[in-house]
Amino acid sequence: MVQKKEILSLEEIKQLVDQFYEKVRKDPLLADIFNRVIKANWPAHLEKMYRFWQTVLLKEHTYQGSPFAPHAKLPVNAKHFDRWKHLFFETVDENFSGNKAEEAKFRATKMAEMFQLKIDFIQQRE
């Protein structure tokens, strides 16, 4: 059994991101989409995700950029976002506890909701 810990440093952020994206890369619904877009650039993508979550959860401002832009034209819908959230929550719950773990799930939920609304809007206009 994995000892659950709090998300307090970049070390825990990396563990969360690495384990989550390992699941995404194998998931029957999500793997093709992520692998098609990211291709061989997984190390760079993971580094960007470390900085994103470090900024969001630890308030250490290391992320620069607009998180939505790379997702705007993805062929995704509600079922993809539901699966993404499921895998994210599963990863958090398997490894972490405490306020930052709950905040990570809250932030992921809000981000997924916003991305889904924006992508739905873009898809309806096209």
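The values are calculated or read from the model by the stated rules, or taken from the named source; none is laboratory data. Everything quoted here is computed from the prediction, not taken from an experiment. Cβ: placed from backbone, ideal geometry, glycine included. Neighbour counts: every protein chain shown.
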For this session: Test Glu47 against the stated conditions and say whether it is assigned to a helix (DSSP H, G or I), over 18 Å from Lys85 (Cα atoms), among the acidic types (Asp, Glu) and in contact (Cβ under 8 Å) with a residue 12 or more places away in the chain.
Result: no
Exercise. Yes or no: Leu74 free of Cβ contacts under 8 Å to residues at least 60 places away in the same chain, surrounded by 13 or more Cβ atoms within 10 Å (Cβ to Cβ) and part of a loop (DSSP other than H, G, I, E, B)?
Worked result: yes
For this session: Only one of these is surrounded by 13 or more Cβ atoms within 10 Å (Cβ to Cβ) and part of a loop (DSSP other than H, G, I, E, B): Pro67, Pro28. Name it.
Result: Pro67
Problem set entry | Tally of residues being over 20 Å from Lys59 (Cα atoms), polar (S, T, N, Q) and loosely packed, with under 13 Cβ neighbours inside 10 Å across the stretch 77-106 | 1
For this session: For the stretch 34-42, state whether one or more residues are aromatic (Phe, Trp, Tyr), in contact (Cβ under 8 Å) with a residue 12 or more places away in the chain and under 20 Å from Ala101 (Cβ atoms).
Result: no
For this session: Could you grab me the full set of residues in the stretch 27-54 that are closer than 25 Å to Ile7 by Cβ and more than 13 Å from the chain's Cα centre (by Cα)?
Result: Asp27, Ile38, Trp42, Pro43, Ala44
For this session: Pairs only if they're at least six apart or on different chains, beta carbon under 7 angstrom, first in the stretch 1-29 and closer than 14 Å to His45 by Cα, second among the basic types (Lys, Arg) and modelled with pLDDT of 95 or more; list them, first residue then second.
Result: none
For this session: Answer yes or no as to whether Thr109 is of a type in the set (Ser, Thr, Tyr), surrounded by 12 or more Cβ atoms within 10 Å (Cβ to Cβ) and closer than 16 Å to Phe20 by Cα.
Result: yes
